[in-house]
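Written below as structure tokens is the structure these notes are about.
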Amino acid sequence: MNKEDIRHIANIAQIDFSDEELDKFAPTFDENIELVNKIKKIDTEGVEKVFQVNGTENNIREDKTGESLSQEEALENAATTKYGYFKLIKFVD
């Protein structure tokens, strides 16, 4: 793959390479593309799809409802409120 092709792919990926970086990267780029093509050729027919290869189970806690603050309690220490909500300074146009 020539440098212009690599530069084009980098541009699509929004990656900027200096000429020096491109000179260092170009030789390994072909090796990486070759490796990806080898992986594509692997026959995976009949192989079960997995998302965790090390057997880790989902360890996120279960959502549980609990006691929460009333609107008045939540706003109690607010610097300013408006219409029963926190009043914030607009910082995005």
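Quick rundown of the values:
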quantity	calculated
Test for A78: is it assigned to a helix (DSSP H, G or I) and surrounded by 10 or more Cβ atoms within 10 Å (Cβ to Cβ)	no
The one condition in (1) within 30 Å of F86 (Cβ to Cβ); (2) open to solvent by 80 Å² or more (accessible area, probe 1.4 Å) that T44 fails to fulfil	(1)
Checking T56 against (1) hydroxyl-bearing (S, T, Y); (2) open to solvent by less than 80 Å² (accessible area, probe 1.4 Å); (3) more than 29 Å from the chain's Cα centre (by Cα), the condition it does not meet	(3)
Condition met for L88 (modelled with pLDDT under 90, over 30 Å from M1 (Cα atoms) and surrounded by 10 or more Cβ atoms within 10 Å (Cβ to Cβ))	yes
Members of the stretch 17-41 found to be assigned to a loop (DSSP other than H, G, I, E, B) and exposed (fewer than 10 other Cβ atoms within 10 Å of the Cβ), listed by number	S18, K41
Output for the stretch 1-15, where each listed residue is surrounded by fewer than 10 Cβ atoms within 10 Å (Cβ to Cβ), under 25 Å from the mean Cα position of the chain (by Cα) and not in a helix (DSSP H, G or I)	A13, Q14
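The values are calculated or read from the model by the stated rules, or taken from the named source; none is laboratory data. This one's a predicted model, so the numbers in the text were calculated from it and none came from an experiment. Quick reminder, even Gly has a Cβ in these numbers, built from the backbone with ideal geometry, and neighbours come from all protein chains shown. Note: areas computed on protein heavy atoms with side chains; ligands, DNA, RNA excluded. Shrake-Rupley method; radii C 1.70, N 1.55, O 1.52, S 1.80 Å.
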